[in-house]
Amino acid sequence: MEIDSSFYPTPVFRCHLQRTEPIGPDALHEISKLVFGEQIPDKIFYSGKNFWIESKKNAATEDHREVLCIKIPFLKDAEEVLVTRMGTDIVVTVDRAQRIITLPRALYSLEMEEYLREDNLLRVVFRDIPVEKEELELSVNKNVLDKLRSMRRMKL
């Protein structure tokens, strides 16, 4: 089935739609029997990594890159792969399948540079956004700053 291949190697468990909402421990126990059968439900069914971040730093040029690695089971057989940045998400399109992936916070302020395919692994490369020195300096209204300082003194 397509769902199994989409989530491989993570196992997929199924349960038919129930006539009523399972409310209470007894009803949830019945659902667990339907979903897991004879298997123990608190067993770890998969412990591999499906995505991770690698840091790459070039000491000579001081270039710094963060690489988001995503395992996609059907990637090596795909004809078309497209990755686009949309705010704090990336949209990954593999042939006709499309997924929106929320980026880890560590990548929010970085710029997506490129993406690379390696068998069933998608590597999305992020880099620091170059900032001019002028942008680093804060422009603070002195009156606002004085007011904030006086408010802090009153609370002490």
### Message
Suppose we keep only residues that are at pLDDT 75 or above and in a loop (DSSP other than H, G, I, E, B) within the stretch 111-156. Which one would you say is farthest from residue 89 (Cα to Cα)?
### Response
119
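Please go through the stretch 72-129 and pick out each residue that is of a type in the set (Lys, Arg) and either closer than 24 Å to residue 3 by Cβ or without any contact (Cβ under 8 Å) to a residue 24 or more places away in the chain (or both).
Selection gives 76, 96, 99, 105, 117.
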### Query
Since residue 27 meets every condition but one in (1) over 25 Å from residue 124 (Cβ atoms); (2) assigned by TED's automatic domain parsing to the domain that holds residue 113, which condition does it not meet?
(2)
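With respect to residue 51, determine if the residue is surrounded by 11 or more Cβ atoms within 10 Å (Cβ to Cβ), aromatic (Phe, Trp, Tyr) and touching a Leu at 6+ places or on another chain (Cβ under 9 Å).
Considered against the rule, which asks whether it is surrounded by 11 or more Cβ atoms within 10 Å (Cβ to Cβ), aromatic (Phe, Trp, Tyr) and touching a Leu at 6+ places or on another chain (Cβ under 9 Å), residue 51 comes out as yes.
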#### Entry: Selected residue [free of Cβ contacts under 8 Å to residues at least 24 places away in the same chain, within 19 Å of the chain's Cα centre (by Cα) and in a loop (DSSP other than H, G, I, E, B)] from 55, 47
47
#### Entry: Residues satisfying the stated conditions in the stretch 94-110, i.e. within 15 Å of the chain's Cα centre (by Cα) and either among the polar types (S, T, N, Q) or part of a strand (DSSP E or B) (or both)
98, 99, 100, 101, 102, 109
### Message
With the structure loaded, tell me whether residue 70 is over 21 Å from the mean Cα position of the chain (by Cα) and either closer than 30 Å to residue 127 by Cβ or exposed (fewer than 12 other Cβ atoms within 10 Å of the Cβ) (or both) or whether it fails that test.
### Response
no
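The values are calculated or read from the model by the stated rules, or taken from the named source; none is laboratory data. From a predicted model like this one, the values you see are computed outputs, not experimental measurements. Because the Cβ atoms are built from the backbone with ideal geometry, glycine has one as well, and the counts that use them run over all protein chains shown.
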